[in-house]
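Where a number appears in this text, it was derived from the coordinates with a stated rule and is not lab data. Values in this document were obtained by computation on a predicted structure and should not be read as measured data. When we count neighbours, we look across all protein chains shown, and the Cβ atoms used for this are built from the backbone with ideal geometry, even at glycine.
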Amino acid sequence: MRAPRIDARMRRDALLASPFFHPMQPAEIDEILSFAVERRFPRGAAIYAKGDPGSSMMAVLAGRLRITSATPEGKEVTLNTIGPGEIVGEIALLDGKPRSADVVAAEDTTVLVIERADFLPFLLRHPVLVEATLAVLCERLRSTSLALEEIALFDLTARLARLITKLAIDYGRPAEEGVRIELKLSQSDLAALVASSRESVNKQLAQWRSAGLIGTDAGHITVLQPQALRALCP
């Protein structure tokens, strides 16, 4: 498949879509683009591994990246997926610490790479942006706290319903019946995302299939009754 043509507008839009870059002015975005490098990865390519030096961040221009980690038993689970307009590695861009997860290309993917060695001098040239950067970091911390609170306060049914509802919004496509989530996730992936066991997730999905709330097909979930599923969300 021929790689999609990426123009200057797509590069700007990919950065401006992120809260990390959204507060910046067009001239500042263009300055970042002057030292950013476009790279392409085929499906299945390893972008970086857990423990690798955190020397850059990436903005997805086309395609999709899968963020994964390994269980103590050596099984790979998906922690997140990101598509066009989303970024990965922005924290490493600031602190330079090793990567905390593996990232692979879920499909043929084009990214914009911004190196820490270029970005930090840029930030020092624009001190007004430091406040905006700190606000983004605080929001990340707040989101993490809310995720931990959700695990502590809500049962698996609520957490899984929230996850599938969000996946349907982010990755859903209209189907003959309901909304089909185009992102393929294993039960182990879903379990990792809701902090539960694969067996418990499998049991809950089976109950929803029997009740006609969802359908499953080769790793894909179709939400047949979106309103009923949303009703289970806290």
Q: Mind pulling the per residue volume of the convex hull built on the Cα atoms of segment 19-74? Å³ is fine.
A: 125
**Q.** Rounded to 10°, Cα long-axis angle of helix 156-171 versus longest principal axis of the chain
**A.** 50
Q) Between the helical axis of 128-153 and the dominant principal axis of the chain, each derived from Cα atoms, what acute angle in degrees is found, rounded to the nearest 10? A) 20
Q: Kindly state, to the nearest 0.05, the FRET efficiency for Thr157 paired with Glu115, given R0 = 45 Å and r defined as their beta-carbon distance.
A: 0.55
Q | Among Glu176, Glu38, Glu76: highest mean-square fluctuation, GNM of the chain, C-alpha pairs under 10 Å | A | Glu176
**Q.** Over segment 1-119: Kirkwood hydrodynamic radius from C-alpha pairwise inverse distances, Å
**A.** 14.6
Q) What ³J(HN,Hα) values, in whole Hz, does the Karplus curve 6.51 cos²θ - 1.76 cosθ + 1.60 give for segment 38-43 when θ = phi - 60°, with x put for Gly and Pro? A) 8, 9, 10, 10, x, 4
Q) What does segment 86-127 give for Rg and for Dmax, in Å, if only its C-alpha atoms count? A) 12.4, 38
Q.
If I fit a long axis through the Cα atoms of helix 198-211 and take the longest principal axis of the Cα atoms of the chain, what angle between them do I get, 0 to 90°, rounded to 10?
A. 60
Q) Say R0 is 41 Å: what FRET efficiency, to the nearest 0.05, do Phe35 and Ala195 get from their beta-carbon distance? A) 0.60
Q) Quick one: in segment 145-234, what % of C-alpha pairs are over 21 Å apart? A) 22
Q.
What distance in nm separates the two pseudo spin-label positions at Ala211 and Ala17, each 7 Å out from Cα along the beta-carbon direction?
A. 3.3
**Q.** q = 0.12, 0.14 Å⁻¹: log10 I(q)/I(0) that the Debye formula gives for the chain, counting C-alpha atoms only
**A.** -0.76, -1.01
Q. For Cys233 and Ile169 in one chain, what is 0.36 nm times their gap in residues minus the Cα-Cα distance, to one decimal in nm?
A. 21.6 nm
